[in-house]
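Worksheet: one structure, shown below.
The values are calculated or read from the model by the stated rules, or taken from the named source; none is laboratory data. All values reported here derive from a predicted model rather than from experimental measurement. Neighbour counts run over all protein chains shown; Cβ positions are idealised from the backbone, glycine included. Only protein heavy atoms, including side chains, enter the accessible area calculation; ligands, DNA and RNA are left aside. Shrake-Rupley method; radii C 1.70, N 1.55, O 1.52, S 1.80 Å.
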Amino acid sequence: MATRWGIISAGLTSSDFVSAMQVLPKEEHQVVAVAARSLQDAKNFAAKFDIEKAYGSYSEVANDPNVDVVYIGTIQTYHLPVATEMLKAGKAVLCEKPLCMNVRETRQLIQTAQECGVFFMEAVWSRFFPVYKELSRRLKDGEIGEVVQVIASFGKNLPHVERLQRPETGGGVTLDNGIYPVQLTTLAMGGDKPLKVLAGGHLNKNGVDETISACLVYSNGRVASLSASMRADLPSEAFIVGTKGTIKVHCPMKCPEVMEGPWGKSIHPLPKNSLTFNSNNSEGMMYEAAEVRRCLNEGLLESPGMPHAESITLAEVMEQIRTQVGTVYPQDSM
């Protein structure tokens, strides 16, 4: 049977997710419902993608017996309440990154998923790209020896993205762009938590971080140097340096098609379709959708590629970075 998806939010990210799924076999994935705060927006989205049901409230998706799994594409300030409602309704959930606004919310949401006994995954789509799969394999095989350092950046000049500019909409570069260098570092470090996080940067006029630089200190002599910006286009590539060699993940490191190392260059072109995407290489969102189906078919409650423990680690590192820079969200005082 096809995995039956419900889509929460009819925004640009949700559009890219559904467009990406068009590459997957229709007998395996079917989008059966979409919900938005505006019923008309949901109807327009449904018409675009030939989706049977359009809802004007998120609760209607939670109550739809034909929905197996929900993709949550709202801005992050809504992730906690919306995902909680879906999980308590027994729906499996793929929730966009960042999972929540802070560590407290992240732990709360994961605990809810575990108590409900329902599959739950943070949509760190990078992890399921073929380049990342190969990277993980080569690191586990010890091809570059012991990892000593990670050097990674991700930055885009994004003054036009209004939600990034204000704390009340979860703005700031750490949660939006900084998560990519952080998640790659966490992968390279085998999921370990850093012993120390040292960060600096600059806030915009509204008090959210727009440029950050961080040093993460790990056990066994390992360190990471990370940077992110929403004011400038950074190199957006990553280097994992080991005792026997170096792996380079090419730009854009969050959704790459090319990687190279001591063995030479690996190229993994994305499958294309005729639809128009809002963000670069968004076709690759298909890989996380396929991972969700695989996990559901195997009866898993979390993905080994993006486990709950690593979502908590990402939240902890990002909270330390943005609070050291000076970003405070309304959710931090709740």
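Loop-located GluC sites (Glu not before Pro) in region 268-304 (DSSP state other than H, G, I, E, B) with a sparse environment of at most 11 neighbouring Cβ atoms within 10 Å: Glu298. When both region 108-162 and region 265-334 are represented by their alpha-carbon centers, they are found 6 Å apart.
Compute for region 63-111: radius of gyration divided by Kirkwood radius, i.e. Rg/Rh, restricted to C-alpha atoms, rounded to two decimals. Rg/Rh for region 63-111 comes to 0.96. Within the accessible surface of the chain, defined with a 1.4 Å probe on protein heavy atoms only, the carbon and sulfur portion equals 50 percent. In degrees between 0 and 90, to the nearest 10, how far off the longest principal axis of the chain does helix 12-21 point, with axes built from Cα atoms? Helix 12-21 and the main axis of the chain meet at about 80 degrees. Over 24 Å between Cα atoms, which of Lys48/Lys88; Lys133/Lys244; Lys97/Lys265; Lys43/Lys91; Lys140/Lys265 qualify? In this structure, Lys48/Lys88; Lys97/Lys265 lie more than 24 Å apart at Cα.
Of the chymotrypsin sites (Phe, Trp or Tyr not before Pro) found in region 60-150, none is in coil by DSSP with at most 15 other Cβ atoms within 10 Å of its Cβ. Compute the angle between helix 79-88 and the longest alpha-carbon principal axis of the chain, please, reported from 0 to 90 degrees and rounded to the nearest 10. Result, in degrees: 60. Using θ = phi - 60° in the Karplus curve 6.51 cos²θ - 1.76 cosθ + 1.60, the 3J(HN,Hα) couplings for region 60-71 round to 5, 5, 4, 9, 7, x, 8, 9, 8, 9, 10, 9 Hz; x is entered for Gly and Pro.
This model, with +1 at the C-beta of Lys and Arg and -1 at the C-beta of Asp and Glu, gives the chain a dipole about its Cα centre of some 400 debye. Dividing the radius of gyration of the alpha carbons in region 1-49 by their Kirkwood radius gives 0.97 for Rg/Rh. Peptides 197-210, 10-23 ranked from most to least packed by the mean count of surrounding Cβ atoms within 10 Å: 10-23, 197-210. Whole angstrom only: what separates the Cα centroid of region 57-106 from the Cα centroid of region 186-248? Between the Cα centre of region 57-106 and that of region 186-248, the gap is 29 Å.
Residue ranking by accessible heavy-atom surface, 1.4 Å probe, largest first, among Tyr218, Tyr58 comes out as Tyr58, Tyr218. Diffusion coefficient (Stokes-Einstein, Kirkwood radius over C-alpha pairs, 4 °C, 1.567 mPa s) for the chain: 64 µm²/s, rounded to a whole number. Within region 137-207, the ratio Rg/Rh, alpha carbon atoms throughout and Rh by Kirkwood, equals 1.08. Counting only alpha carbon atoms, the long axis of helix 179-188 and the longest principal axis of the chain meet at about 60°.
Near Ala46: Cβ cut-off under 9 Å, other residues only, Lys/Arg at +1 and Asp/Glu at -1. The net charge is +1.
Loop-resident GluC sites (Glu not before Pro) (DSSP state other than H, G, I, E or B) in region 6-99 with no more than 15 further Cβ atoms inside 10 Å of their Cβ: Glu27, Glu28, Glu52.
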